[in-house]
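The values are calculated or read from the model by the stated rules, or taken from the named source; none is laboratory data. In this text the structure is predicted, and so the values were computed from the model without any measurement. Note that we place each Cβ from the backbone using ideal geometry, even for glycine, and neighbour counts take in every protein chain shown. Surface areas here come from the heavy atoms of the whole protein model, side chains and all, with no ligands, DNA or RNA. Shrake-Rupley method; radii C 1.70, N 1.55, O 1.52, S 1.80 Å.
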Amino acid sequence: MSVNLFREAGYSQVDIDKKVAKAYYDVFEGPQRVFFKVGDTMGYVSDIKNHDARTEGLSYGMMIAVQLNKKEVFDRIWRWSKKYLQHQDGPREAYFAWSINTATMKRNSPGSASDGELYYITSLLFASNRWGNNTGINYYQEARRILDAMWKKDGTGNIYNLINTEHKQITFVPEGNNYKWTDPSYHLPAFYEAWALYARDGHEQFYRDCADTSRVFFHRACDSVTVLNSDYTEFSGKPHATPWMPPGFRYDSWRVPMNITMDYVWFGKDKKWQEQYSKRFQGFLRSKGINTFEDQFNLDGSRPEFILKAGSVEKLRHSLGLVATAASASIMNNDKASLDFVHALWNSKLEPYDDGYFDPYYDGLLYVFSLMHLSGKYQLIKPQIN
(Lines give C-alpha, C1' and ligand atoms only; values in the text may rest on other atoms or scores of the structure.)
Protein backbone atom coordinates (compact mmCIF):
# COMPACT_ATOMS: atom_id res chain seq x y z
CA MET A 1 0.00 0.00 0.00
CA SER A 2 1.07 3.61 -0.45
CA VAL A 3 0.23 6.23 2.15
CA ASN A 4 0.32 9.98 1.57
CA LEU A 5 -0.19 11.33 5.07
CA PHE A 6 0.67 14.88 4.01
CA ARG A 7 -2.48 14.86 1.86
CA GLU A 8 -4.51 13.59 4.81
CA ALA A 9 -3.01 16.40 6.89
CA GLY A 10 -4.40 18.92 4.39
CA TYR A 11 -1.42 19.80 2.19
CA SER A 12 -1.81 20.03 -1.59
CA GLN A 13 -0.01 17.58 -3.87
CA VAL A 14 1.79 20.49 -5.56
CA ASP A 15 3.15 21.70 -2.21
CA ILE A 16 4.08 18.16 -1.15
CA ASP A 17 6.03 17.56 -4.38
CA LYS A 18 7.75 20.93 -3.90
CA LYS A 19 8.66 20.11 -0.31
CA VAL A 20 10.29 16.79 -1.26
CA ALA A 21 12.06 18.34 -4.28
CA LYS A 22 13.48 21.16 -2.15
CA ALA A 23 14.74 18.76 0.51
CA TYR A 24 16.42 16.67 -2.19
CA TYR A 25 17.92 19.82 -3.73
CA ASP A 26 19.24 21.04 -0.37
CA VAL A 27 20.92 17.72 0.50
CA PHE A 28 22.19 16.70 -2.96
CA GLU A 29 22.59 19.87 -5.04
CA GLY A 30 22.42 23.10 -3.02
CA PRO A 31 25.22 25.18 -1.44
CA GLN A 32 25.06 23.10 1.79
CA ARG A 33 24.85 19.76 -0.05
CA VAL A 34 26.50 16.59 1.23
CA PHE A 35 26.76 14.95 -2.22
CA PHE A 36 29.84 15.73 -4.28
CA LYS A 37 30.52 14.72 -7.88
CA VAL A 38 33.91 13.25 -8.76
CA GLY A 39 34.87 13.44 -12.43
CA ASP A 40 32.33 12.42 -15.05
CA THR A 41 31.07 9.18 -13.53
CA MET A 42 31.45 9.13 -9.74
CA GLY A 43 30.31 10.90 -6.59
CA TYR A 44 30.01 10.45 -2.86
CA VAL A 45 27.94 11.49 0.14
CA SER A 46 29.97 12.93 3.02
CA ASP A 47 29.36 13.09 6.76
CA ILE A 48 30.67 16.66 6.83
CA LYS A 49 30.85 16.97 10.63
CA ASN A 50 33.04 13.85 10.86
CA HIS A 51 35.12 14.67 7.77
CA ASP A 52 34.53 11.33 6.12
CA ALA A 53 32.33 9.36 3.77
CA ARG A 54 30.70 6.31 5.30
CA THR A 55 28.74 3.41 3.88
CA GLU A 56 25.70 4.53 5.90
CA GLY A 57 25.34 7.82 3.98
CA LEU A 58 26.52 6.45 0.64
CA SER A 59 23.96 3.65 0.70
CA TYR A 60 21.27 6.07 1.97
CA GLY A 61 22.09 8.29 -0.99
CA MET A 62 21.58 5.34 -3.32
CA MET A 63 18.26 4.45 -1.70
CA ILE A 64 17.01 8.04 -2.02
CA ALA A 65 18.21 8.16 -5.63
CA VAL A 66 16.45 4.96 -6.69
CA GLN A 67 13.24 5.97 -4.92
CA LEU A 68 13.20 9.41 -6.59
CA ASN A 69 14.40 8.06 -9.96
CA LYS A 70 17.76 9.86 -9.94
CA LYS A 71 19.70 7.27 -11.90
CA GLU A 72 22.82 9.34 -12.54
CA VAL A 73 23.30 10.07 -8.84
CA PHE A 74 22.70 6.41 -7.96
CA ASP A 75 25.25 5.21 -10.51
CA ARG A 76 27.86 7.77 -9.43
CA ILE A 77 27.63 6.77 -5.76
CA TRP A 78 27.73 3.07 -6.57
CA ARG A 79 30.80 3.38 -8.81
CA TRP A 80 32.62 5.43 -6.14
CA SER A 81 31.65 3.01 -3.36
CA LYS A 82 32.81 0.05 -5.39
CA LYS A 83 36.11 1.66 -6.38
CA TYR A 84 37.15 3.08 -3.02
CA LEU A 85 35.40 1.05 -0.35
CA GLN A 86 34.55 -2.44 -1.61
CA HIS A 87 37.13 -5.13 -0.79
CA GLN A 88 37.98 -7.02 -3.98
CA ASP A 89 39.73 -9.97 -2.34
CA GLY A 90 40.65 -11.61 0.96
CA PRO A 91 38.35 -12.61 3.84
CA ARG A 92 36.35 -9.35 3.47
CA GLU A 93 35.78 -9.79 -0.28
CA ALA A 94 32.66 -7.88 -1.52
CA TYR A 95 32.14 -6.23 1.90
CA PHE A 96 32.89 -2.51 2.32
CA ALA A 97 35.23 -0.49 4.51
CA TRP A 98 32.75 1.57 6.50
CA SER A 99 34.61 4.92 6.54
CA ILE A 100 37.12 6.80 4.37
CA ASN A 101 38.84 10.16 4.81
CA THR A 102 37.70 12.17 1.78
CA ALA A 103 40.73 14.50 1.95
CA THR A 104 43.44 11.79 1.92
CA MET A 105 41.32 8.98 0.42
CA LYS A 106 42.72 6.66 3.11
CA ARG A 107 40.24 4.21 4.66
CA ASN A 108 39.69 4.96 8.36
CA SER A 109 38.93 1.31 8.96
CA PRO A 110 38.80 -1.79 6.74
CA GLY A 111 35.83 -3.20 8.68
CA SER A 112 32.15 -3.10 7.72
CA ALA A 113 29.15 -1.59 9.48
CA SER A 114 26.44 -4.10 8.64
CA ASP A 115 23.70 -1.56 7.91
CA GLY A 116 25.67 -0.14 4.97
CA GLU A 117 25.72 -3.50 3.23
CA LEU A 118 22.01 -3.94 3.98
CA TYR A 119 21.17 -0.66 2.21
CA TYR A 120 23.57 -1.30 -0.67
CA ILE A 121 22.01 -4.70 -1.38
CA THR A 122 18.41 -3.47 -1.15
CA SER A 123 18.95 -0.32 -3.21
CA LEU A 124 20.75 -2.36 -5.90
CA LEU A 125 17.84 -4.84 -6.06
CA PHE A 126 15.42 -1.90 -6.37
CA ALA A 127 17.59 -0.33 -9.09
CA SER A 128 17.50 -3.64 -10.98
CA ASN A 129 13.71 -3.66 -10.67
CA ARG A 130 13.36 -0.01 -11.71
CA TRP A 131 15.97 0.43 -14.44
CA GLY A 132 16.84 -3.11 -15.55
CA ASN A 133 20.43 -4.36 -15.77
CA ASN A 134 21.43 -3.25 -19.27
CA THR A 135 22.13 0.44 -18.73
CA GLY A 136 25.81 0.29 -17.78
CA ILE A 137 25.61 -1.42 -14.40
CA ASN A 138 24.21 -4.88 -13.77
CA TYR A 139 22.55 -3.94 -10.47
CA TYR A 140 21.21 -7.41 -9.79
CA GLN A 141 24.63 -8.97 -10.30
CA GLU A 142 26.21 -6.42 -7.93
CA ALA A 143 23.58 -7.12 -5.24
CA ARG A 144 24.07 -10.86 -5.63
CA ARG A 145 27.84 -10.49 -5.40
CA ILE A 146 27.51 -9.03 -1.89
CA LEU A 147 24.88 -11.58 -0.85
CA ASP A 148 26.73 -14.58 -2.27
CA ALA A 149 29.96 -13.45 -0.59
CA MET A 150 28.09 -12.95 2.70
CA TRP A 151 27.04 -16.60 2.72
CA LYS A 152 30.66 -17.71 2.31
CA LYS A 153 31.90 -15.79 5.37
CA ASP A 154 32.35 -18.50 7.99
CA GLY A 155 34.73 -16.85 10.46
CA THR A 156 37.83 -17.23 8.30
CA GLY A 157 40.01 -14.20 9.09
CA ASN A 158 37.48 -13.41 11.84
CA ILE A 159 34.93 -12.27 9.22
CA TYR A 160 31.31 -13.49 9.34
CA ASN A 161 27.92 -13.24 7.66
CA LEU A 162 26.25 -9.81 8.05
CA ILE A 163 23.45 -11.70 9.78
CA ASN A 164 24.21 -13.81 12.85
CA THR A 165 22.92 -17.06 11.36
CA GLU A 166 22.18 -18.65 14.74
CA HIS A 167 20.13 -15.70 16.02
CA LYS A 168 18.85 -14.62 12.57
CA GLN A 169 19.65 -11.01 13.46
CA ILE A 170 21.86 -8.39 11.85
CA THR A 171 25.23 -8.01 13.53
CA PHE A 172 26.71 -4.73 14.73
CA VAL A 173 29.82 -5.60 12.73
CA PRO A 174 30.36 -8.93 10.94
CA GLU A 175 33.71 -9.37 12.61
CA GLY A 176 35.11 -10.90 15.80
CA ASN A 177 33.02 -10.41 18.95
CA ASN A 178 30.94 -7.68 17.31
CA TYR A 179 29.23 -10.52 15.43
CA LYS A 180 27.55 -11.40 18.74
CA TRP A 181 25.39 -8.32 19.39
CA THR A 182 23.30 -5.91 17.40
CA ASP A 183 22.04 -2.38 16.78
CA PRO A 184 18.22 -2.03 16.78
CA SER A 185 18.36 0.63 14.07
CA TYR A 186 20.01 -1.90 11.73
CA HIS A 187 16.88 -4.07 11.97
CA LEU A 188 14.99 -3.62 8.70
CA PRO A 189 12.40 -6.40 8.41
CA ALA A 190 11.04 -4.81 5.22
CA PHE A 191 14.44 -5.18 3.54
CA TYR A 192 14.64 -8.90 4.35
CA GLU A 193 11.17 -9.37 2.88
CA ALA A 194 12.37 -7.56 -0.25
CA TRP A 195 15.37 -9.92 -0.44
CA ALA A 196 13.02 -12.90 -0.16
CA LEU A 197 11.08 -11.50 -3.11
CA TYR A 198 13.85 -10.23 -5.40
CA ALA A 199 17.28 -11.68 -4.52
CA ARG A 200 16.39 -15.18 -5.82
CA ASP A 201 19.47 -16.65 -4.14
CA GLY A 202 17.85 -19.70 -2.51
CA HIS A 203 17.74 -18.18 1.00
CA GLU A 204 14.17 -16.88 0.79
CA GLN A 205 12.87 -18.65 3.89
CA PHE A 206 15.86 -17.56 5.95
CA TYR A 207 15.23 -13.93 5.02
CA ARG A 208 11.55 -14.20 5.93
CA ASP A 209 12.57 -15.75 9.24
CA CYS A 210 14.94 -12.82 9.82
CA ALA A 211 12.10 -10.37 9.15
CA ASP A 212 9.88 -12.13 11.69
CA THR A 213 12.75 -12.29 14.18
CA SER A 214 13.34 -8.53 13.81
CA ARG A 215 9.67 -7.85 14.47
CA VAL A 216 9.76 -9.86 17.70
CA PHE A 217 13.12 -8.29 18.57
CA PHE A 218 11.53 -4.82 18.53
CA HIS A 219 8.93 -6.00 21.07
CA ARG A 220 11.79 -6.96 23.40
CA ALA A 221 14.22 -4.10 22.70
CA CYS A 222 11.66 -1.32 23.24
CA ASP A 223 10.97 -0.26 26.84
CA SER A 224 7.59 -1.49 28.09
CA VAL A 225 6.50 2.08 28.99
CA THR A 226 8.39 4.61 26.86
CA VAL A 227 9.13 2.16 23.96
CA LEU A 228 12.58 3.73 23.75
CA ASN A 229 15.34 1.31 22.71
CA SER A 230 19.05 1.43 23.38
CA ASP A 231 21.42 2.29 20.51
CA TYR A 232 23.09 -1.09 21.01
CA THR A 233 21.59 -4.30 22.39
CA GLU A 234 22.15 -8.01 22.83
CA PHE A 235 20.19 -10.26 20.50
CA SER A 236 17.71 -10.61 23.38
CA GLY A 237 16.95 -6.88 23.15
CA LYS A 238 18.71 -6.20 26.46
CA PRO A 239 20.86 -3.01 26.34
CA HIS A 240 24.53 -3.54 25.42
CA ALA A 241 27.10 -1.19 26.96
CA THR A 242 30.29 -0.42 24.99
CA PRO A 243 33.62 1.11 26.05
CA TRP A 244 32.61 4.34 24.28
CA MET A 245 29.12 4.78 25.71
CA PRO A 246 26.57 3.48 28.21
CA PRO A 247 23.12 2.27 27.03
CA GLY A 248 20.67 4.94 25.93
CA PHE A 249 18.39 6.18 23.16
CA ARG A 250 20.71 8.27 20.96
CA TYR A 251 21.42 9.06 17.31
CA ASP A 252 21.27 5.51 15.94
CA SER A 253 17.94 4.94 17.68
CA TRP A 254 16.23 7.78 15.84
CA ARG A 255 15.95 5.43 12.85
CA VAL A 256 13.90 2.78 14.63
CA PRO A 257 10.44 4.44 14.31
CA MET A 258 11.12 4.97 10.60
CA ASN A 259 12.20 1.33 10.11
CA ILE A 260 9.07 0.07 11.88
CA THR A 261 6.91 2.42 9.78
CA MET A 262 8.46 1.10 6.57
CA ASP A 263 7.66 -2.49 7.57
CA TYR A 264 4.10 -1.47 8.52
CA VAL A 265 3.43 0.13 5.13
CA TRP A 266 5.21 -2.36 2.89
CA PHE A 267 4.27 -5.65 4.56
CA GLY A 268 1.90 -5.03 7.49
CA LYS A 269 2.61 -8.32 9.28
CA ASP A 270 2.74 -6.90 12.83
CA LYS A 271 0.23 -4.08 12.62
CA LYS A 272 -1.32 -4.29 16.07
CA TRP A 273 1.96 -3.99 17.94
CA GLN A 274 3.31 -1.38 15.51
CA GLU A 275 0.22 0.81 15.99
CA GLN A 276 0.62 0.55 19.77
CA TYR A 277 4.32 1.36 19.43
CA SER A 278 3.56 4.53 17.48
CA LYS A 279 0.97 5.73 20.00
CA ARG A 280 3.33 5.14 22.92
CA PHE A 281 6.40 6.58 21.21
CA GLN A 282 4.62 9.75 20.13
CA GLY A 283 2.88 9.93 23.50
CA PHE A 284 6.27 9.89 25.21
CA LEU A 285 7.69 12.62 22.96
CA ARG A 286 4.54 14.71 23.45
CA SER A 287 5.05 14.46 27.21
CA LYS A 288 8.45 16.15 26.69
CA GLY A 289 6.88 18.92 24.57
CA ILE A 290 6.17 18.37 20.88
CA ASN A 291 8.31 21.37 19.92
CA THR A 292 11.00 20.92 22.57
CA PHE A 293 11.72 17.20 23.12
CA GLU A 294 15.43 16.50 23.22
CA ASP A 295 17.31 13.93 21.17
CA GLN A 296 18.91 11.56 23.73
CA PHE A 297 17.23 9.76 26.62
CA ASN A 298 17.74 7.08 29.18
CA LEU A 299 15.35 4.21 28.37
CA ASP A 300 13.00 5.25 31.18
CA GLY A 301 12.68 8.63 29.46
CA SER A 302 14.87 10.57 31.90
CA ARG A 303 17.66 12.89 30.83
CA PRO A 304 21.01 11.10 30.34
CA GLU A 305 24.17 12.10 32.20
CA PHE A 306 26.27 10.89 29.28
CA ILE A 307 25.70 12.89 26.09
CA LEU A 308 27.03 11.44 22.86
CA LYS A 309 28.80 14.07 20.76
CA ALA A 310 27.66 14.97 17.26
CA GLY A 311 31.02 15.46 15.56
CA SER A 312 32.79 17.66 18.11
CA VAL A 313 29.61 19.10 19.65
CA GLU A 314 28.25 17.75 22.93
CA LYS A 315 24.74 19.11 23.42
CA LEU A 316 21.15 17.94 23.73
CA ARG A 317 18.88 19.64 21.21
CA HIS A 318 15.50 19.36 19.50
CA SER A 319 17.01 17.62 16.47
CA LEU A 320 15.45 17.66 13.02
CA GLY A 321 16.43 14.01 12.48
CA LEU A 322 14.29 12.82 15.37
CA VAL A 323 11.49 15.30 14.58
CA ALA A 324 11.46 13.70 11.11
CA THR A 325 11.42 10.03 12.08
CA ALA A 326 8.88 10.67 14.86
CA ALA A 327 6.60 12.23 12.24
CA SER A 328 6.95 9.21 9.95
CA ALA A 329 5.52 7.08 12.78
CA SER A 330 2.22 8.98 12.41
CA ILE A 331 1.52 6.66 9.48
CA MET A 332 0.89 3.90 12.07
CA ASN A 333 -1.08 6.09 14.48
CA ASN A 334 -4.72 6.60 13.53
CA ASP A 335 -5.32 9.13 16.31
CA LYS A 336 -6.05 12.49 14.64
CA ALA A 337 -3.73 14.13 17.18
CA SER A 338 -0.73 12.35 15.67
CA LEU A 339 -0.96 14.74 12.71
CA ASP A 340 0.59 17.30 15.10
CA PHE A 341 3.89 15.53 14.46
CA VAL A 342 3.33 15.72 10.70
CA HIS A 343 2.64 19.46 10.89
CA ALA A 344 5.69 19.93 13.13
CA LEU A 345 7.88 18.28 10.49
CA TRP A 346 6.25 20.23 7.68
CA ASN A 347 7.07 23.48 9.50
CA SER A 348 10.65 22.43 10.32
CA LYS A 349 13.55 23.64 8.21
CA LEU A 350 16.85 22.06 7.29
CA GLU A 351 18.99 24.98 8.42
CA PRO A 352 21.52 25.86 11.16
CA TYR A 353 20.30 25.85 14.77
CA ASP A 354 20.45 29.03 16.87
CA ASP A 355 23.94 28.11 18.09
CA GLY A 356 25.22 27.68 14.52
CA TYR A 357 25.32 23.85 14.57
CA PHE A 358 24.19 22.37 11.28
CA ASP A 359 24.08 18.75 10.12
CA PRO A 360 22.79 18.47 6.56
CA TYR A 361 24.15 14.89 6.54
CA TYR A 362 22.39 12.87 9.25
CA ASP A 363 19.58 15.33 10.03
CA GLY A 364 19.29 15.97 6.29
CA LEU A 365 19.12 12.36 5.12
CA LEU A 366 16.59 11.36 7.82
CA TYR A 367 14.58 14.46 6.89
CA VAL A 368 14.49 13.40 3.21
CA PHE A 369 13.63 9.79 4.12
CA SER A 370 10.76 10.90 6.37
CA LEU A 371 9.34 13.32 3.79
CA MET A 372 9.43 10.43 1.30
CA HIS A 373 7.61 8.11 3.71
CA LEU A 374 4.93 10.68 4.54
CA SER A 375 4.33 11.59 0.88
CA GLY A 376 4.12 7.98 -0.32
CA LYS A 377 7.35 8.33 -2.32
CA TYR A 378 9.28 5.66 -0.39
CA GLN A 379 8.10 2.35 -1.81
CA LEU A 380 8.83 -1.30 -2.29
CA ILE A 381 10.06 -1.03 -5.88
CA LYS A 382 8.70 -3.96 -7.85
CA PRO A 383 10.03 -5.20 -11.20
CA GLN A 384 8.83 -3.06 -14.13
CA ILE A 385 6.46 -4.98 -16.36
CA ASN A 386 6.46 -3.77 -19.95
Of the criteria (1) in contact with a helix residue (DSSP H, G or I) (Cβ under 6 Å, 6 or more places away or on another chain); (2) open to solvent by 30 Å² or more (accessible area, probe 1.4 Å), which one PRO239 fails: (1)
Restricting to segment 150-170, give me the number of residues that are under 23 Å from the mean Cα position of the chain (by Cα) and under 20 Å from GLN205 (Cβ atoms). 11
Single match in ASP183, ASP148, ASP154 (criterion: modelled with pLDDT of 95 or more, among the acidic types (Asp, Glu) and closer than 22 Å to ASP47 by Cβ): ASP183
Filtering segment 81-133 down to residues that are part of a strand (DSSP E or B) and of a type in the set (Ser, Thr, Tyr), which residue is most open to solvent (accessible area, probe 1.4 Å)? SER109
Conditions: (1) under 12 Å from ASP359 (Cβ atoms); (2) assigned to a loop (DSSP other than H, G, I, E, B); (3) open to solvent by less than 10 Å² (accessible area, probe 1.4 Å). GLY301 meets all but one. Number of the miss? (1)
Could you identify the single residue in SER338, SER328, SER370, SER348 that is open to solvent by less than 10 Å² (accessible area, probe 1.4 Å), in contact with a Phe, Trp or Tyr (Cβ under 8 Å, 6 or more places away or on another chain) and either modelled with pLDDT of 95 or more or among the hydroxyl-bearing types (Ser, Thr, Tyr) (or both)? SER328
Can you tell me how many residues in segment 325-362 are in contact (Cβ under 8 Å) with a residue 60 or more places away in the chain and outside any loop (DSSP other than H, G, I, E, B)? 13
When restricted to SER230, SER253, SER224, the only residue crowded, with 18+ Cβ neighbours inside 10 Å, of a type in the set (S, T, N, Q) and part of a loop (DSSP other than H, G, I, E, B) is SER230
